Amino acid sequence: MEVGVISAPDEPHADEIKEFLGHKPGYYKWHIERCVDERLDDLSTLFYVGKVNGHVITNIMTVEHEGIGILGHVFTLPDQRRKGACKGTMVYQMEHFRERNGRALYLGTGYDSHPYHIYNSFGFDSVFPESGFMEYHVNQDFIDEYFAASTASSKPVEWHDWPKLTALSGIVGVDILRSLAWNIYGPSNLEGPFLSFKHILETEDVYDDAKLLISENGAIVGWATVCRDRKWRDNIALLDLFFHPNFTDSVPDLISAVNFPDLKVQCYVDSTSVKKAEVMESVGFSCEGEFKNQFSYGGKDYDILVFGR
């Protein structure tokens, strides 16, 4: 088997990749079909392929920016499985990632499944106990260094924010409720949710605005999105806000950069999110009510505070 890498966009190999991964659903297929034909901001999409007699039999894709990546679309033709094709390709991919000064990779799979143990053998571990959301850090102190406190500023959403948003959504020990619009609770893999979000941003009139918070060293450390709350016939705007606690002081500037509609805006805060509640009050929101035991996560019930402005 011959192993190599295709760096998208790549017109000579575009049809080959589209055909091999043509079974991928929905927004995953949307990204694949676009990235092989056009550059998506500064996002690097790499297809690591194994070929036999000139034909692709296995693939591993990574999407990366500045050393942070998501690994996905691991697929081998059924008649070529259990012959070492995928493992051989992954050896090549992981070595190439480290050679290019890669810092962190994230992926999603079934916990304690056969693929889970394969990824674990390459250095991936569960982001939190008994989770199929996995992470690989080249250096053990990656999290502390990457999210070290600094000044931060707001920016629009771009394609290359995809893997960095997943690094942010993977942090543990902070807010449980992270996004109602994306249905994100606790540490979560944004491989799929980002694609849905980006597709909506580009094709539908759903979000009034979306801004990200970026640190001095390029880490995405917060998000703020505003869309109409359909439960209330679009008369209320929903603010989803999540940020790394090291950057709490920069969050008011993030919120001030958001273009809010001329409507009442509400933001839901789980009762353990003390810093988020303090930020909401500092930017003119007031707590209008509390829902007791509104949701459960990890065997624990959480109350919700409703902030409005």
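Okay, here's what the table says:
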read-out	value
Within region 59-110, tally of residues that are over 18 Å from the mean Cα position of the chain (by Cα) and open to solvent by 70 Å² or more (accessible area, probe 1.4 Å)	12
Hey, F194 free of Cβ contacts under 8 Å to residues at least 40 places away in the same chain, under 21 Å from E66 (Cβ atoms) and not in a loop (DSSP other than H, G, I, E, B) or not	yes
Single match in K51, K29, K24, K18 (criterion: outside any strand (DSSP E or B), open to solvent by 10 Å² or more (accessible area, probe 1.4 Å), farther than 19 Å from F97 by Cβ and in contact (Cβ under 8 Å) with a residue 40 or more places away in the chain)	K24
Scope region 189-209; condition buried (at least 20 other Cβ atoms within 10 Å of the Cβ) and either polar (S, T, N, Q) or more than 12 Å from the chain's Cα centre (by Cα) (or both); matching residues	N189
Within region 137-161, tally of residues that are closer than 18 Å to E191 by Cβ, open to solvent by 20 Å² or more (accessible area, probe 1.4 Å) and either in contact with a strand residue (DSSP E or B) (Cβ under 6 Å, 6 or more places away or on another chain) or aliphatic (A, V, I, L, M) (or both)	2
Scan of region 255-293 for residues that are of a type outside the set (D, E) and part of a helix (DSSP H, G or I), ordered by number	I255, S256, A257, V274, K275, K276, A277, V279, M280, S282
Test for F242: is it open to solvent by less than 40 Å² (accessible area, probe 1.4 Å), of a type outside the set (S, T, Y), part of a helix (DSSP H, G or I) and within 17 Å of R178 (Cα to Cα)	no
Y297 open to solvent by less than 30 Å² (accessible area, probe 1.4 Å) and of a type outside the set (V, I, T)	no
Count - residues of region 278-294 that are in contact with a strand residue (DSSP E or B) (Cβ under 7 Å, 6 or more places away or on another chain) and open to solvent by 20 Å² or more (accessible area, probe 1.4 Å)	9
Flag if K164 is open to solvent by less than 50 Å² (accessible area, probe 1.4 Å), under 20 Å from H244 (Cβ atoms) and either at pLDDT 95 or above or in contact with a Cys (Cβ under 6 Å, 6 or more places away or on another chain) (or both)	yes
Pairs with Cβ under 7 Å, 6+ apart, first in region 132-151 and of a type in the set (D, E, K, R), second assigned to a loop (DSSP other than H, G, I, E, B)	E135/F124; E135/V127; E135/G170
Residue match in region 174-196 (condition: in contact with a Leu (Cβ under 7 Å, 6 or more places away or on another chain) and over 24 Å from T272 (Cβ atoms))	yes
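Listed here are the residues, each with its yes/no results for (1) at pLDDT 95 or above; (2) among the basic types (K, R); (3) under 26 Å from L201 (Cα atoms).
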site	(1), (2), (3)
E16	yes, no, no
P25	yes, no, yes
R34	yes, yes, yes
S44	yes, no, yes
G67	yes, no, yes
I70	yes, no, yes
F75	yes, no, no
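The values are calculated or read from the model by the stated rules, or taken from the named source; none is laboratory data. Because the structure is a prediction, the values reported are computed rather than measured. Positions of Cβ are backbone-derived with ideal geometry, glycine not excepted, and every protein chain shown enters the neighbour counts. When the accessible area is computed, the model is the full protein with side chains, heavy atoms only, and any ligands, DNA or RNA have been set aside. Shrake-Rupley method; radii C 1.70, N 1.55, O 1.52, S 1.80 Å.
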